[in-house]
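Undergrad: Take a look at the following structure, please.
The values are calculated or read from the model by the stated rules, or taken from the named source; none is laboratory data. Keep in mind the model is a prediction, meaning the values are calculated, not measured. Here the Cβ positions follow ideal geometry from the backbone for every residue, glycine too, while neighbour counts run over all protein chains shown.
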Amino acid sequence: MLSDAKLRNVAVQVMPTSQGAHAGLHGPMVLIETPDHRQVAYFESHGESMVISDPHKASAFVLRYGKLRSQALNTEESARLIERAAGAL
């Protein structure tokens, strides 16, 4: 996995457990921007999935993603944490 993290189009960030509750706890989400710059969000939660194409609702997911990234460890800190955890196995 760490080799993938070195790709220029990949950023791996770990959410520290000390962060407590955060917007990513409800499940995975995928954010897509189309060639004409429309944003689309896809998420899964509690066994259900949904595609959001309404611009205002999709924008809320983009903002949520930004908040998650700001709360997570940066890429260097995340890589160090993953390497320490892998070494402990």
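Undergrad: Out of the residues in region 39-50 that are part of a strand (DSSP E or B) and not aliphatic (A, V, I, L, M), which is farthest from Ser70 (Cα to Cα)?
TA: Glu48
Undergrad: Which residues, counting only those in region 59-85, are of a type in the set (A, V, I, L, M), free of Cβ contacts under 8 Å to residues at least 12 places away in the same chain and under 18 Å from Val12 (Cβ atoms)?
TA: Of everything in region 59-85, just one residue is of a type in the set (A, V, I, L, M), free of Cβ contacts under 8 Å to residues at least 12 places away in the same chain and under 18 Å from Val12 (Cβ atoms), namely Ala85.
Undergrad: Look through region 59-81, keep the residues that are aliphatic (A, V, I, L, M), within 17 Å of Gly24 (Cβ to Cβ) and in a helix (DSSP H, G or I), and return whichever of them is farthest from the chain's Cα centre (by Cα).
TA: The qualifying residue farthest from the chain's Cα centre (by Cα) is Leu81.
Undergrad: Inside region 1-38, can you point out the residues that are assigned to a loop (DSSP other than H, G, I, E, B) and surrounded by 12 or more Cβ atoms within 10 Å (Cβ to Cβ)?
TA: Ala11, Val12, Gln13, Val14, Met15, Pro16, His22, Ala23, Gly24, His26, Gly27
Undergrad: Then there is this: Name every residue in region 30-68 that is modelled with pLDDT under 90 and under 30 Å from Ala79 (Cβ atoms), in order of residue number.
TA: Passing the criteria: Glu44, Ser45.
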